[in-house]
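Worksheet: the structure to be examined is printed underneath.
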Amino acid sequence: MKDIIMEAISFSFFYANQEGSARGSDLSQEVSEETPVFRDIRISDVVCAGAETALLLSGLPEMPLDGLVIQGYTVTAHNGVQCAHAKHLRIAEMTAQITEGPLIHLHQCKGAELEAIEGVGADGRLLMVTGHESAGIVCRESDADTEGRQISVGPEVRSGVMIRR
């Protein structure tokens, strides 16, 4: 892929005609037969030379994106990975060059695993975790907390959410 106007890869759950439902609202809706369900998806060996956002994952509070694996992803983008309301997410063997913000931002994510991530956050952060529902974030980056690869956790995030191996 080359010169993508918006997101190079995007999973954005959306309730039709519901303002604010496309990008990370934390307000739950009632689950019904119309609630979208995405699970057990694997994307591998993708190259993108230029995008606004490297990866946008936006599930719903009541029905998170479940079981997505991104492996072997090389990307140059303005913004890095932006993920809200996902569980059992795995990002591995990703090389990213971004020009704004953290390399990866996880909001209200549970059971995420990051491994073999190359690149630095434009703002000095490898990973930013926010949201009081976030839990079980595993970071297998031995050089985390070095220059350009800091990990930040929002004040609302419970202690013990980050697991470093």
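The values are calculated or read from the model by the stated rules, or taken from the named source; none is laboratory data. What you see is a predicted model; the values in this text were computed from it and never measured. So basically every Cβ, Gly included, is an ideal-geometry build from the backbone, and we count neighbours across all protein chains shown.
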Query - When residues of segment 126-143 are limited to those that are within 19 Å of residue 70 (Cβ to Cβ) and buried (at least 17 other Cβ atoms within 10 Å of the Cβ), the one farthest from the chain's Cα centre (by Cα) - result: 141
Query - Tabulated pairs, segment 32-54, first hydroxyl-bearing (Ser, Thr, Tyr), second outside any strand (DSSP E or B) and surrounded by 13 or more Cβ atoms within 10 Å (Cβ to Cβ), C-beta under 7 angstrom, 6+ apart or interchain - result: 35/62
Query raised in the report: Is there a residue being of a type in the set (Gly, Ala, Ser) and surrounded by fewer than 16 Cβ atoms within 10 Å (Cβ to Cβ) anywhere in segment 81-98?
Result: no
Query raised in the report: From the set of residues in segment 63-80 that are at pLDDT 95 or above and either buried (at least 22 other Cβ atoms within 10 Å of the Cβ) or among the aliphatic types (A, V, I, L, M) (or both), which is nearest to the chain's Cα centre (by Cα)?
Result: 80
Query raised in the report: Would you pick out the residues in segment 123-165 that are of a type in the set (Lys, Arg), farther than 18 Å from residue 84 by Cβ and out of contact with any strand residue (DSSP E or B) (no Cβ under 6 Å at 6 or more places or on another chain)?
Result: 165
Query raised in the report: Restricting attention to segment 40-55, which residues are surrounded by 13 or more Cβ atoms within 10 Å (Cβ to Cβ) and either among the hydrophobic types (A, V, I, L, M, F, W, C) or out of contact with any Ser or Thr (no Cβ under 6 Å at 6 or more places or on another chain) (or both)?
Result: 43, 46, 47, 48, 49, 51, 52, 53, 54, 55
Query raised in the report: So which residues in segment 144-161 are surrounded by fewer than 17 Cβ atoms within 10 Å (Cβ to Cβ), at pLDDT below 90 and closer than 22 Å to residue 61 by Cα, if there are any at all?
Result: 159, 160
Query - Where residue 60 falls short, out of the listed (1) within 22 Å of residue 35 (Cβ to Cβ); (2) free of Cβ contacts under 8 Å to residues at least 40 places away in the same chain; (3) over 11 Å from the mean Cα position of the chain (by Cα) - result: (2)
Report task. Among residues belonging to segment 22-39 that are among the small types (Gly, Ala, Ser) and within 23 Å of residue 130 (Cβ to Cβ), point out the one that is surrounded by the fewest Cβ atoms within 10 Å (Cβ to Cβ). Result -> 28
Report summary line: Over segment 60-91, the set of residues closer than 20 Å to residue 145 by Cβ and among the small types (Gly, Ala, Ser) is 80
